[in-house]
1. Collect the residues in segment 53-80 that are open to solvent by 60 Å² or more (accessible area, probe 1.4 Å) and more than 20 Å from residue 29 (Cβ to Cβ), keeping them in residue-number order.
2. Within the group 11, 18, which residue is over 23 Å from residue 103 (Cα atoms), loosely packed, with under 14 Cβ neighbours inside 10 Å and aliphatic (A, V, I, L, M)?
3. Are any of the residues in segment 90-104 within 27 Å of residue 42 (Cβ to Cβ) and open to solvent by 50 Å² or more (accessible area, probe 1.4 Å)?
4. In segment 35-46, how many are touching a Ser or Thr at 6+ places or on another chain (Cβ under 7 Å) and under 15 Å from residue 6 (Cβ atoms)?
5. Look at segment 25-36 and say how many of its residues are open to solvent by 20 Å² or more (accessible area, probe 1.4 Å) and modelled with pLDDT of 95 or more.
6. From 60, 49, which residue is farther than 23 Å from residue 3 by Cα, at pLDDT 95 or above and among the hydrophobic types (A, V, I, L, M, F, W, C)?
7. Take segment 14-39 and flag every residue that is in contact with a Leu (Cβ under 8 Å, 6 or more places away or on another chain) and touching a residue at least 60 places away in the same chain (Cβ under 8 Å).
Amino acid sequence: QVQLVESGGGLVQAGGSLRLSCAASGSIGSPNTMSWHRQAPGKQRDLVATITSGGYTNYADSVKGRFTISRDNAKKTVYLQMNSLKPEDTAVYYCRDSDWRGVFWGQGTQVTVSS
């Protein structure tokens, strides 16, 4: 079992930046894919970005060129650097770990972008 704890959310003005962190603890499966997802009020949870154990990344079209996902395997932490934030980026951001045992989610962190 792995536990995921997100941090780094908050309130920021449009055009600003935030860096989210997702710290994993417990038994980490390998290989695994870590990802960030977000859910705005009244909407479904959408994929934002993924990163594999080998460092391959993929992004939703809406965040390409603005967000960067990275991971530090030694620290068991995944990051999401978010630049040029827009009001439509407002959502609860969730971290997810996917490996051979299944899928694990964090509790989420709120990101609010004011116009």
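1. 61, 62, 64, 65, 68
2. Testing whether each residue is over 23 Å from residue 103 (Cα atoms), loosely packed, with under 14 Cβ neighbours inside 10 Å and aliphatic (A, V, I, L, M) leaves just 11.
3. yes
4. Qualifying residue count for the region: 1.
5. So the count comes out to 1.
6. The unique qualifying residue is 60.
7. 14, 15, 16, 17, 18, 19, 20, 22, 24, 35, 36
The values are calculated or read from the model by the stated rules, or taken from the named source; none is laboratory data. Quick caveat: nothing in here was measured; it's all calculated off a predicted structure. Methodologically, a virtual Cβ is constructed for each residue, glycine included, from the backbone with ideal geometry; neighbour enumeration extends over all protein chains shown. Just so you know, the surface numbers come from the protein's heavy atoms only, side chains and all, with ligands and any DNA or RNA stripped out. Shrake-Rupley method; radii C 1.70, N 1.55, O 1.52, S 1.80 Å.
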